[in-house]
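Data first, discussion second: the structure below is written as structure tokens.
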Amino acid sequence: LYDHFSKPAAWRVAPHAAEVISGLASRGLVVGMGSNYDSRLRSVLDGLPELEPLRGRVVVSSAVGFRKPAAEFFAEVVRAAGCGPAEVL
């Protein structure tokens, strides 16, 4: 299972996810992803072109040393987003 979930083909992206993400980005919103997954997430994302707009701002708990819901994890999300805590959704 570990190897299986390291492959992009093991994952499905919601049908309209790419359209929603692109629409948000085109409105000037910063888009990204925060996850409790592990370091395999980056290679999984590399194989999912519909999630490309998120790649520049991915916070992975195993990389930052804190899992959601730790305040330290969300502090890293704020840093990656480049905006204030009250501006992150």
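The values are calculated or read from the model by the stated rules, or taken from the named source; none is laboratory data. All values derive from a computational prediction rather than experimental measurement. In this analysis, Cβ positions are derived from the backbone assuming ideal geometry, glycine residues included, and neighbour counts consider all displayed protein chains. Side chains included, ligands, DNA and RNA excluded: accessible areas come from the protein's heavy atoms. Shrake-Rupley method; radii C 1.70, N 1.55, O 1.52, S 1.80 Å.
Summary table below
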item: The listed residue being in contact (Cβ under 8 Å) with a residue 40 or more places away in the chain and either aliphatic (A, V, I, L, M) or open to solvent by less than 40 Å² (accessible area, probe 1.4 Å) (or both), out of VAL88, VAL77, VAL59; result: VAL77
item: Search result, residues across region 13-32 that are aliphatic (A, V, I, L, M) and open to solvent by 60 Å² or more (accessible area, probe 1.4 Å); result: ALA14, VAL20, LEU24, LEU29, VAL30
item: Residue in region 22-56 that is nearest to the chain's Cα centre (by Cα), counting only those that are in a strand (DSSP E or B) and free of Cβ contacts under 8 Å to residues at least 40 places away in the same chain; result: MET33
item: Qualifying residue in region 38-52 (condition: open to solvent by 40 Å² or more (accessible area, probe 1.4 Å), of a type outside the set (Ser, Thr, Tyr) and within 20 Å of LEU89 (Cβ to Cβ)); result: no
item: Members of region 62-71 that are without any contact (Cβ under 8 Å) to a residue 24 or more places away in the chain and either loosely packed, with under 12 Cβ neighbours inside 10 Å or assigned to a loop (DSSP other than H, G, I, E, B) (or both); result: GLY65, PHE66, PRO69, ALA70, ALA71
